[in-house]
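These notes are about the structure you will find just below.
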Amino acid sequence: MTQRNARINRETLETQVTVSIDLDGTGTARIDTGIPFLDHMLDQVARHGLIDIEIEARGDLHIDAHHTVEDIGITLGQALAQALGDKRGIRRYGHAYVPLDEALSRVVVDFSGRPGLEYHVEYPRARIGDFDVDLFREFFQGLVNHARITLHLDALRGSNAHHVAETLFKALGRALRMAAEPDPRAQGIPSTKGVL
């Protein structure tokens, strides 16, 4: 299998984002978005997905975090799509259930080539520290649209908003890891269409 890494730069009038990923890494993360709670969540994806991730982001946080969070999702999605290439020899599907104390989430991913998000998450409060939990949906939508993946996120239970968010991001890392890993029995692209 060829090198499965990518580096993407995205610059708009609102944000400047650089993302580097290596799908066959060890879970090393170097993340600086200016949004500490998002940094913590993205670190979970790297560590539990064994994906090396570097993210440097600067945005119009004096307005709010919306543009920055969304554009990080977009750029990470672009990097994921580039690193996967034609998806030859991968498992394609991945899933994970992750608990954290009282919280439990399930994430299921399909590297389908078609963007689709099913987001069934309710948080017990609207903010985690200074972070507006509505922005997580924007992150996941950007990721899905630009990675061209189908992603189902279900928070099955949880009374602590931090725990709910953390289970989602840990499960995302594990589901991505499963779906992206090489399948030793695969004979090409895992689709009857011959393309994903």
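Please treat every number below as a calculation from the coordinates, not as lab data. Owing to the predicted nature of the structure, the values given are computational and were not obtained by experimental measurement. Note that each Cβ is placed from the backbone with ideal geometry, even for glycine, and that neighbours are counted across all protein chains shown.
For the reader, a short list of remarks on this structure follows.
- The average projected area of the stretch 32-145, computed from the convex hull of its Cα atoms over all directions, is 7.7 nm².
- Nearest-0.05 FRET efficiency for S159 and D134, computed from C-beta distance (R0 22 Å): 0.70
- Counting DSSP beta bridges with both ends in the stretch 1-146, the antiparallel % (nearest 5): 85
- L100 long-range amide H proximity, modeled H, under 5 Å: none
- Just checking the listed ones, D39, D110, D60: in the Gaussian network model of the chain with Cα springs under 10 Å, the one fluctuating most is D60.
- Across the stretch 178-185, rounded Karplus estimates of 3J(HN,Hα) from the backbone phi angles (6.51 cos²θ - 1.76 cosθ + 1.60, θ = phi - 60°) give 5, 5, 8, 5, x, 9, x, 9 Hz, Gly and Pro being marked x.
- Unit charges on C-beta of K, R, D, E only; dipole of the stretch 5-180, Debye: 860
- In sequence order, the stretch 28-39 has phi-based couplings of 6, 10, 10, 10, 9, 9, x, 10, x, 5, 5, 4 Hz under the Karplus curve 6.51 cos²θ - 1.76 cosθ + 1.60, θ = phi - 60°, and Gly or Pro positions carry x.
- D_trans [Stokes-Einstein, Kirkwood Rh over alpha-carbon pairs] for the chain, 4 °C, 1.567 mPa s, µm² s⁻¹: 78
- For the chain, the relative contact order is 27 percent, taking Cα pairs closer than 8 Å that sit 6 or more residues apart in sequence and dividing their mean separation by the residue count.
- Amide H contacts of G116 (H built 1.01 Å from N, under 5 Å, at least 5 apart or other chain): I149, T150, L151
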